[in-house]
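Nothing in this text is a laboratory measurement; each read-out follows from the coordinates by a stated rule. Remember, predicted model here, so these are calculated numbers, not experimental data. A quick note on method: Cβ atoms are made from the backbone with ideal geometry, for glycine too, and the neighbour counts reach across all protein chains shown.
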């Protein structure tokens, strides 16, 4: 891959060069010349630093290059990439990370690039941080669209601690904490990574804890469910673990402990379980976040359905039944409902689809609706109908234009008993309706037990004259 941030020569002199990948006309049109005043920083091992600014622009292979004061060192991303090539290279990478952390701490909150591909490190400990915007342009031309070591939500020392932790994770576990390009920054923000003590179970536990705390900074920034650790404290503690009294970097081998075969098997099982749980939880959480409103709508719908079901069940429990009633009492209740306009009680004492029973229930329901409607509109408690039973008990004077109900009822047991599945009764009575003459009726009623062994009327044979 062609490098666009490199150490080269301009006019025979060594220089740090930034190849913008732009032709002269495009360079002018995009106002890249403004990058000439952007600052970079060179940090020395003794803590002093120098401001780097470009010395000019030149054309190379029809591309415009910004160049400036030279720096002797190696690109940091190359050092990180080589850390898997053996213990010696891993030690070199660890040395470079220590130099980088010290340089960032010397600069404090001074804004610099954090991208390892825009940083150069010398073996003597000096570090060069490229101008941020200019280097970002060049890295984009290189095709480096993703930065696996930096979270865009963090600033200052928080960003530095996160970056240092990600680089240490990569160097010491041989894997990136975040490697999925499609969900890279979402994983960073949500803290979705394999904890270092699981990724490298033999790694120093204190160092694992510090790396874990730093990688969780994007999460602790937006939620109080995590206890945030100060970024500067994290960096100081990392340095104290990685350096010796002589201020030199500790040997990598001293950061690892020897594990038995049984411990390795145990940790491998823990790793698989953790990855499985994390995958399930992450998918569930993200699915819920993506489909929040449909889920809320569905939940409301389910709640409404359950509410209707339980309300209906509760209503059914409170509805009258014929439980414990004798067959003659069921017949009495049915006909008494005519006078009280109680269609619910009439339904409770009957069962089935017999047309006569349906006709009676519809009639009572209609009169009940008329009664409630008139009371509502006329705002009165006066009944528009007189119960036939009350009218009869008060003397039963004729004419009776506003009387409704049953009078003069008699019952006869025809056949069957309580031990049979069916009992038959005969009822003779007068039915009074408003503005009508009384009608003489004779009903033959058939009663059977329902599934709950309660007696109910299942059929009525009626004659009227």
- Note on the structure: For 367-375, 126-134, ranked highest to lowest by mean beta-carbon neighbours within 10 Å, the order is 126-134, 367-375
- Query: Along each of its three principal axes, how wide is the spread of alpha-carbon positions in the range 314-425, in whole angstrom units, largest first?
  - Reply: 50, 39, 25
- Query: Which value in deg cm²/dmol, rounded to the nearest 500, describes the helix-derived mean residue ellipticity at 222 nm for the chain, given -39,500 (n - 2.57) per DSSP H run of n ≥ 4 and division by the residue count?
  - Reply: -14500 deg cm²/dmol
- Task: Would you mind checking the tilt of helix 231-242 against the longest principal axis of the Cα atoms of the chain, expressed as 0 to 90 degrees and rounded to 10?
- Result: 50
- Message: Based only on other Cβ atoms within 10 Å, what is the fewest-to-most ordering of 376, 35, 329?
- Response: 376, 329, 35
- Message: Need the full-extension length gain, residue 373 to residue 463, defined as separation in residues times 0.36 nm minus the C-alpha distance. One decimal, nm.
- Response: 29.2 nm
- Item | the range 179-287 shape via C-alpha gyration tensor axes, a/c threshold 1.5 | oblate
- Query: Mind ordering 298-306, 250-258 by average Cβ neighbours within 10 Å, highest first?
  - Reply: 250-258, 298-306
- the range 256-287 versus the range 149-170: alpha-carbon centroid distance in Å: 24
- Message: Run the numbers for residue 237 and residue 365: contour at 0.36 nm per residue of separation, minus the present Cα-Cα distance, in nm.
- Response: 37.8 nm
- Give me the angle, in degrees from 0 to 90, between the Cα long axis of helix 292-318 and the longest principal axis of the Cα atoms of the chain, rounded to the nearest 10. 20
- Message: Can you classify the range 36-162 as rounded, prolate or oblate using the Cα gyration tensor, where a ≥ b ≥ c are the square roots of its eigenvalues, rounded means a/c under 1.5, and otherwise it's prolate if a/b beats b/c and oblate if not?
- Response: rounded
- Message: So I have (i) 1.98; (ii) 1.05; (iii) 0.95, and one of them is Cα Rg over 2.2 N^0.38 Å calculated from this model. Which one is it?
- Response: (i)
- Item | Mean-position separation - Cα centroids, the range 38-115 and the range 172-190, in angstrom | 23
- Any chance you could give the angle, 0 to 90 degrees and rounded to 10, that helix 87-107 forms with the longest Cα principal axis of the chain? 80
